[in-house]
Amino acid sequence: MDGDRLHAAILLDAPERRRKDAKVEIALIGYQDQGNLGLGYLAAVVERRGWAARLYDIRDDADALARELSARKPLIVGFSLIFQFFLPRYREVAQTLRAAGIDAHFTIGGHFPSLCHEELLANFPEIDSVVRYEGEETLIALGERLRCGADWRDLDGIAYQGPDGPVATQARALVTDLDSLPFPRRPDKVERIVGYPTLPVLASRGCIRRCSFCSIHTFYRTAPGRTVRVRQPEKVVEEMLELRETYDVRVFLFQDDDFPLWGKKGRRWADELIDRLHASGLSHDTIFKISCRAEYVEEELFGALKEAGLFLVYMGLESGVEDGLDVLFKQTSIEQNLQAVATLKQLGLAWNYGFMLFDPSTTFDSIRGNAAFLRRIVGDGSTAAVFSRMLPYGGTTIRDTLASEGRLRGDLTHPDYVFLDPLINDYHGLLTRAVRPWIHNRGLSYSLANSIDEVETIERLAPLASGCAEYRAELRALTAESNDRLLRLVEDSSLAFERGDPEPLDPLPIAAYCEAQLETLDALRDTFLRRNMDTLVASIRGMPAAHPVMMPQVH
Amino acid sequence: MGIKPTEISESALQSSILERIRWIFDPVDMDHILQIDKNLVRQIIAQRLETNAEINRSIAEGSAKAAKLLR
């Protein structure tokens with residue numbers, strides 16, 4: 001079935017067809033934190049076809065899942081795998097399901113299976129097929145074939161293990177019009193930030209850039225069709241209104257690969273979105289976060305976005321030295337990154353960032369250069385200092401480069417590489433262990449950054465909350481001190497390690513410091529939230545606020 | 001269908017206000033929270049070269065078509 005005919009079939013909504021297909025059920029299994037939009041879209045097209053879709057978390061008990069699916073007898077069990085880290089867990093679940101006698105067709109999709117299908121099939125024999133690239137149309141086509149016992153191996157967008165090795169059919173074209181898709185199915189339980197329901201949304205898919213460490217552009221460029229597709233602002237706002245109505249969502253997290261603000265076209269799109277957010281009333285009592293490139297941050301546009309509800313901007317800054325930006329192929333400059341941060345601070349927007357202190361070009365000098373850059377942007381405590389190490393994910397060009405240089409290490413699920421200076425390998429290991437009290441999911445830096453995001457949320461959604469300015473000032477002082485300590489550790493330890501002295505990396509005093517700071521933070525946070533409990537409860541329950549989210553500006 | 005804040009109890013709402021949400025903004029952040037099994041072995045180089053080959057095949061195909069149109 002070709003793309004157009006299939007699309008027509010998806011759109012067909014005849015009741016007779018639904019009755020006939022009453023028993024077709026598809027189980028979709030993946031990582032469900034923050035609402036999995038990929039699985040949500042798949043579930044929505046399955047339901048629009050008139051079939052049933054059930055969502056499960058890959059971390060659920062595998063035996064319980066096997067009992068559930070044994071009873072439900074789905075036609076297809078679809079696994080959604082983004083990162084290869086999870087592969088062993090997926091294999092374990094699939095093995096448990098097969099051992100329980102579940103003979104449904106097992107398929108898998110996502111970035112890693114799409115880009116590395118041969119390796120996946122070789123290491124995952126329980127899988128019958130891989131749905132490559134965007135899966136909405138292929139999954140339905142697969143279901144159509146399977147439900148009438150027809151062969152599916154000639155479908156576009158499929159890979160499977162043939163008798164002579166892996167076979168990949170022609171890649172199916174990307175969805176041309178994202179607004180032709182139904183709104184994604186949502187989880188039964190939504191996450192909350194300081195009590196306000198929050199859900200992810202998408203305004204676009206794809207990224208026009210070619211960062212060497214990122215597999216997103218490879219994923220979209222390898223399949224035919226336009227790499228970047230943007231939804232109509234009207235439909236985005238319609239979905240937001242529906243989520244506001246159904247779930248009382250007050251905080252929207254735009255999870256676009258790159259929020260579509262580039263160029264004149266992006267500006268026109270943003271202007272329309274802003275107008276519609278105001279006209280719909282969403283700007284009055286909801287806020288949103290976006291992820292975008294630094295060069296899009298411009299005072300007038302982001303000021304207007306803030307008035308429409310923007311409260312938090314995530315940017316992948318990634319490096320503070322030119323060699324790092326070059327090897328990561330960020331196509332941005334240190335000055336652009338600094339300017340973006342300065343603009344966001346000037347506008348009073350909360351911001352977070354991705355940053356790779358370590359990349360394949362790392363030297364001790366670049367480590368200190370990056371630390372100096374981080375001091376410039378977070379030395380004031382406006383957000384927490386965080387950093388990580390670039391990892392060579394499947395589907396990235398940096399992995400090819402490292403492979404050709406003989407520097408690739410690790411294995412299928414945990415890819416790694418060696419640095420050019422062997423001493424950096426040892427230093428990285430010790431530093432990672434030492435900074436863990438700051439940089440892990442419940443570490444000091446992440447807790448500080450989350451607390452800053454929380455107070456921003458409260459200031460915007462509950463303007464009657466008291467003591468915000470004082471709490472914010474305390475947070476800023478705590479964050480500035482923590483950042484200084486963390487960056488000083490990087491600076492001092494890198495100099496000392498070069499001299500052969502690993503002592504500054506002793507993890508014990510560091511852990512004690514972070515623990516004490518976390519206790520202080522928790523006490524401050526608890527006091528602030530409890531003092532405002534009644535105000536927050538009233539605001540979350542939708543009691544009329546005394547002021548709109550954004551006060552009108554008086555000139 | 002989600003549960004609206006107006007439909008949950010006062011104590012549950014208060015707990016959700018005090019509870020910390022842990023957002024993950026960037027995939028690389030996940031490196032710190034994942035328990036990684038290192039048992040599965042190498043094959044990495046061939047894996048990436050295959051993707052590379054596929055991209056180059058697509059480029060070659062497109063270039064050939066473009067060249068044909070220009071002739």
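Observations
- Remark: mean inter-chain Cβ contacts per residue of B:11-18 equal 6, using a 10 Å Cβ-Cβ cutoff to other protein chain atoms.
- Paramagnetic label zone (point 7 Å from Cα along Cα-to-C-beta, A:ARG407; backbone N under 14 Å) in the range A:317-331: A:323-329
- Short-range pairs are left out: with C-alpha atoms under 8 Å and at least six residues apart, the relative contact order of the range A:23-149 is 26 percent.
- Amide hydrogen neighbours beyond the local backbone of A:VAL201, cut-off 5 Å, H modeled: A:LEU253, A:PHE254, A:GLN255
- A Förster radius of 22 Å combined with the Cβ-Cβ distance from A:ARG267 to A:GLU234 puts the calculated FRET efficiency at roughly 0.80.
- Stretching the chain fully between A:ASP326 and A:MET533 yields a gain of 69.7 nm (0.36 nm per residue, less the alpha carbon separation).
- Spacing of the two label points (7 Å from each Cα toward its C-beta) at A:ALA122 and A:ASP60, in nm: 3.3 nm
- For chain A, Cys with no neighbouring Cys Cβ under 4.7 Å: A:CYS116, A:CYS148, A:CYS207, A:CYS292, A:CYS468, A:CYS514
- Within a straight-line Cα-Cα reach of under 16 Å, A:LYS306 can be paired with the following aspartates and glutamates, leaving aside sequence neighbours fewer than 8 residues apart in one chain: A:ASP271, A:GLU272, A:ASP275, A:ASP285, A:GLU298, A:ASP453, A:GLU456, A:GLU459.
- Cα gyration tensor shape of the range A:190-540, rounded if a/c is under 1.5, else prolate or oblate by comparing a/b with b/c: oblate
- Computed from phi, the 3J(HN,Hα) profile of the range A:44-53 under the Karplus parametrisation 6.51, -1.76, 1.60 (θ = phi - 60°) reads 5, 6, 4, 5, 5, 5, x, 9, 9, 10 Hz, with x in place of Gly and Pro.
- HN-Hα J in Hz across the range A:319-326 - Karplus 6.51, -1.76, 1.60, θ = phi - 60°, x for Gly and Pro: 8, x, 10, 4, 4, x, 4, 5
- With a Förster radius of 25 Å applied to the C-beta separation of A:LEU495 and A:ARG433, the computed FRET efficiency comes to 0.85.
- Applying both filters, DSSP loop and at most 14 other Cβ atoms within 10 Å, to the GluC sites (Glu not before Pro) of the range A:384-473 gives A:GLU405.
- Rounded if a/c under 1.5, otherwise prolate or oblate - the range A:131-185, Cα gyration tensor axes: oblate
- Pairwise label distance in nanometres, A:LYS23 with B:ASN56, each label 7 Å out on the Cα-Cβ vector: 5.1 nm
- Compared with the dominant Cα axis of chain A, that is its longest principal axis, helix A:87-99 is turned about 30°.
- Modelled label positions at B:ALA67 and A:GLU519, each set 7 Å beyond Cα in the direction of Cβ, lie 7.2 nm from each other.
- Trypsin sites (Lys or Arg not before Pro) within the range A:417-501, DSSP loop, no more than 13 other Cβ atoms inside 10 Å: A:ARG442, A:ARG499
- Unit Cα scatterers, Debye sum, the protein assembly as shown: log10 I(q)/I(0) for q = 0.07, 0.08, 0.10 Å⁻¹: -0.46, -0.60, -0.97
- Partners of A:LYS23 within straight-line reach, counting aspartates and glutamates whose Cα lies under 14 Å from its Cα and excluding those fewer than 8 residues away in the same chain: A:GLU47, A:GLU144.
- Helix axis angle, A:468-498 relative to chain A longest principal axis, alpha carbon, degrees: 90 degrees
- Cα gyration tensor, the range A:87-161 - rounded (a/c under 1.5), prolate or oblate: oblate
- Efficiency of FRET from Cβ geometry, A:ASP421 and A:ARG376, R₀ 35 Å, rounded to 0.05: 0.90
Every number here is computed from the coordinates shown, using simple stated rules; none is lab data. What you see is a predicted model; the values in this text were computed from it and never measured. In this analysis, Cβ positions are derived from the backbone assuming ideal geometry, glycine residues included, and neighbour counts consider all displayed protein chains.
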